[in-house]
Amino acid sequence: EATEILVRSWSAEEFDFRGSQYELEGQRALPAPLRSPHPPLIFGGRGGPRSRALAARFGDEYNGAFLDAEAVADLRRGLDDACAAAGRDPLEVPLSMMSVVAIGDDRGEAEERLARVLARFPAQRERCQVGSLDEVTATLRRLEAAGITKVYLQHPDLGDVRSLELLGELAVRLAG
């Protein structure tokens, strides 16, 4: 109900709502959003039935966190099924992922970077993207083949200039 109210509130039209949790009369949120029809609505989580159903009905994207290729494929299938049940084309709800990344000139350097990051930033080590530029590129390509269309790579050590350079190289590789 809350999601439906939010999405409907972004329109310029007043509306009434009567649900099991909320009752509204003359609801209208101002100012109206600048983006049409509304700001992107990104759902996320572990891919449970409820979040998939909400994303299929209202979402502009579904975001999972720290997934491997098998989990991505399972989530994409579940999201596709939820879209079909909602009468929506699954291509309208892209699947994205958030993950920590640690890239190095070689595997050892990447592992050192990851250790520094994990000392300050809690994440499951085995779910991080870690390795050389070639290794991380290959891992992200596998995730793409499993159904990911966008990756939000977390890089909490912004003082590590070489790592930022490698992230830039990764972005160029993935875009090309």
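The values are calculated or read from the model by the stated rules, or taken from the named source; none is laboratory data. Predicted, not measured: the structure shown is a model, and the values here were computed from it. For neighbour counting, all protein chains shown are included, and Cβ atoms are generated from backbone atoms with ideal geometry for every residue, glycine included. The protein model used for the area step is the full one, side chains on, heavy atoms only, and it has no ligands, DNA or RNA in it. Shrake-Rupley method; radii C 1.70, N 1.55, O 1.52, S 1.80 Å.
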Mind telling me which of Arg76, Arg35, Arg142 comes out most flexible in a GNM of the chain, alpha-carbon contacts under 10 Å? Arg35
Take every DSSP beta bridge with both residues inside the chain and express the antiparallel ones as a percent of the total, to the nearest 5. 15 percent
Nearest 10 degrees, 0 to 90: what angle lies between the long axis of helix 161-175 and the longest principal axis of the chain (Cα atoms)? 60 degrees
Please identify the chymotrypsin sites (Phe, Trp or Tyr not before Pro) of the range 1-30 that satisfy two criteria: DSSP loop assignment and at most 13 other Cβ atoms within 10 Å. Which are they? Tyr22
GluC sites (Glu not before Pro) within the range 1-106: which are DSSP loop residues with at most 16 other Cβ atoms inside 10 Å? Glu1, Glu13, Glu14
Theoretical ellipticity at 222 nm over the chain - DSSP helices of four or more residues, -39500 (n - 2.57) apiece, nearest 500: -14000 deg cm²/dmol
For P(r) over Cα pairs in 5 Å bins from 0, in percent, calculated from these coordinates, the label among (1) 1, 7, 12, 12, 11, 9, 7, 8, 9, 9, 8, 5, 1, 0; (2) 1, 8, 17, 21, 22, 16, 8, 3, 2, 1, 0, 0; (3) 1, 8, 15, 15, 14, 13, 11, 9, 6, 4, 2, 1, 0: (3)
Placing +1 at every Lys and Arg Cβ and -1 at every Asp and Glu Cβ, with all other atoms neutral, what dipole size does the chain have around its Cα centre, in debye to the nearest 20? 180 debye
Select from Ile42, Ile148, Ile103 the residue whose mean-square fluctuation is largest in a Gaussian network model of the chain (Cα-Cα springs shorter than 10 Å). Ile42
Return one whole number: the accessible area per residue of the chain in Å², for a 1.4 Å probe. 58 Å²
Would you mind computing, in nm to one decimal, how far apart the modelled labels at Asp68 and Gln124 are, each placed 7 Å from Cα along Cα→Cβ? 0.9 nm
Whenever you get a sec, compute what percent of the accessible area on the chain sits on carbon and sulfur atoms (1.4 Å probe). 52 percent
Pick from Ser36, Ser99, Ser20: which is most flexible by mean-square fluctuation in a GNM of the chain where alpha carbon atoms under 10 Å apart are linked? Ser20
